[in-house]
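Right, one structure below, let's go through it.
The values are calculated or read from the model by the stated rules, or taken from the named source; none is laboratory data. It should be emphasised that the depicted structure is a prediction, and the values quoted were computed from it without experimental measurement. FYI the Cβ positions are ideal-geometry reconstructions off the backbone, even for glycines, and counts take in every protein chain you see. Only protein heavy atoms, including side chains, enter the accessible area calculation; ligands, DNA and RNA are left aside. Shrake-Rupley method; radii C 1.70, N 1.55, O 1.52, S 1.80 Å.
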Amino acid sequence: RFGAEAVVSLHSGMTNPQRLKSWLAAHSGAARIVLGTRMAVFASLPTLRLIIVDEEHDPSYKQQEGARYSARDLAVYRGRLEHAKVILGSATPSLESWHHSRPAAEGGRYVRLDMPSRVGGHHTLPGTAGALPLVRRVDMNHQPKGTVFSPPLLQAITERIARGEQCMVFLNRRGYAPVLHCNECDWKSECPHCSAYRVFHKIDRTLRCHHCGYTERVPRACPGCGSPDIRPMGRGTEKLEEHLAELLAEVRRPDGSPVRIARIDADTTQRKGELEAQLAQVHSGEVDVLVGTQMIAKGHDFRRITLVAAANPDSALFSSDFRAPERLFSLLMQAAGRAGRDAGISAQSEMWVQTQHPTHPLYENLKKHDYPGFAAQQLKEREQAGLPPFSFQALVRAEARTQEAAQAFLNAASTFGTEAAASLNVTLYPAVPMSVQRVANVERAQMLIESPSRAALQRFLAGWHDTLHAVRQGPEGKGLIRWAVDVDPLAI
């Protein structure tokens, strides 16, 4: 479209000389377009006039290590500094951006541009070309106990394979099973270095911790009582792939050959070029059913996939993280967007959701592809609870050899900040362990700071920063490894 010289990319997969070449091309004005990941927001562009943040709701725009920043928020700020237009694009905007795009009369700061129809199609009614897929909910309460794939879903997958179409099944858990368990003494495959369970990977017969990476062979018998009866509990993508292969063993493709199933997750794509090779197989039609984690649910343009199924999405409905429903809705809506992208065969594309709670408002809105309805309901709940975007948060995280030391540091800093917080209308909550409190033998604690005003929160943090440094040097900082302040945390 613009010519090879005009476009350069910037991302962490490049070598330093490649990155320097791209940076200089942009800096000199030779390259007019920089295409990149979150680090590209810092690119030197002398005549910057437009910044586009695609899929702006994606949590990966937030840098979690080192200099913590949100590339999306920085893009908005940089646009203001350099008088450039900023476009935030998403089918499921983050609630913060959606809230900012309300009418100006109500206090909105962004202009909302609606695109009611799908690219390539002029209609949005299910059953028409370029249409959004029909969402079907399967009530798992009415299915046989322990069923992984409900009979109606299995039937639908079989019909599509027989017609030469492709299906996609996703589950948010890699590995074979989340935990190995002994029936005799109740032993579970806990990680010795983390407060989490090691995941059973059947392919290489290992137990692997997804937090610290600690891996060992699966024991022949229970380490607790010696019983040989240790079995997997729960299921991951590996088990799902195996189970599906058994269920579809008799099914045939239009040419009479057996069904081909592929799995794409962080385990199958570790080697360089592996992901590209697997995606190429899907695009060429060699794969009939694609099983994977959310890696496959976003951004891909699979032309022949006409059925997408979410195997067990319910866990996010009742999560302790208030952003979990927002993430689930965006994931399901993005996943639904993988179905029926080819206008020629999209007339019958479907999204299947297997759930124990089919009448939940989240699924009701998903069925109607009604993001505004879902957002309105979520924002009402958040306003009542005083959560973002109606309040502003920061999280102080501390890591130490013991949980006591981590909490002592946070509580001491809190004591010194109480007076300033009260005068600025800032709330300091008590220190608590993080949800996974131990990782690689390091104990982790966190303390939440909240205020209805961003300016007040920033003023408080600026003044409190010296206090944190002072406490770190004092007796309360003994045993502390590191601490960090995270403004606008994405997970609490």
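Could you name every one of the strands (runs of 3 or more DSSP E) located completely within region 214-309 that has at least 3 residues being over 25 Å from S330 (Cα atoms) and not small (G, A, S)?
Counting at least 3 such residues, we get 215-217, 230-233.
Are there any pairs, at least 6 apart or on different chains, whose C-beta atoms fall under 7 Å, with the first in region 188-202 and touching a residue at least 24 places away in the same chain (Cβ under 8 Å) and the second among the small types (G, A, S) and open to solvent by 10 Å² or more (accessible area, probe 1.4 Å), and if so, which?
What qualifies is H193/A440; C194/A440.
All but one of (1) in contact with a Lys or Arg (Cβ under 8 Å, 6 or more places away or on another chain); (2) surrounded by 20 or more Cβ atoms within 10 Å (Cβ to Cβ) hold for S195; which doesn't?
Condition not satisfied by S195: (2).
Is at least one residue of region 62-75 open to solvent by 70 Å² or more (accessible area, probe 1.4 Å), among the hydroxyl-bearing types (S, T, Y), modelled with pLDDT of 90 or more and closer than 30 Å to V396 by Cβ?
No, that holds for no residue.
Table: residues versus (1) acidic (D, E); (2) within 27 Å of the chain's Cα centre (by Cα); (3) within 27 Å of L387 (Cβ to Cβ).
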{"position": "P17", "(1), (2), (3)": "no, no, no"}
{"position": "A25", "(1), (2), (3)": "no, no, no"}
{"position": "G36", "(1), (2), (3)": "no, yes, no"}
{"position": "E55", "(1), (2), (3)": "yes, yes, yes"}
{"position": "Y69", "(1), (2), (3)": "no, yes, yes"}
{"position": "G79", "(1), (2), (3)": "no, yes, yes"}
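Please go through region 310-326 and give me each residue that is closer than 19 Å to L490 by Cβ and assigned to a loop (DSSP other than H, G, I, E, B), ordered by number.
S319, S320, D321, F322, R323
From I157, I230, which residue is crowded, with 19+ Cβ neighbours inside 10 Å and in contact with a helix residue (DSSP H, G or I) (Cβ under 9 Å, 6 or more places away or on another chain)?
I157
Output the residues belonging to region 31-49 that are in contact with a helix residue (DSSP H, G or I) (Cβ under 7 Å, 6 or more places away or on another chain) and over 18 Å from K85 (Cβ atoms).
If the condition is that a residue be in contact with a helix residue (DSSP H, G or I) (Cβ under 7 Å, 6 or more places away or on another chain) and over 18 Å from K85 (Cβ atoms), then A31, R38, S44 are the ones that fit.
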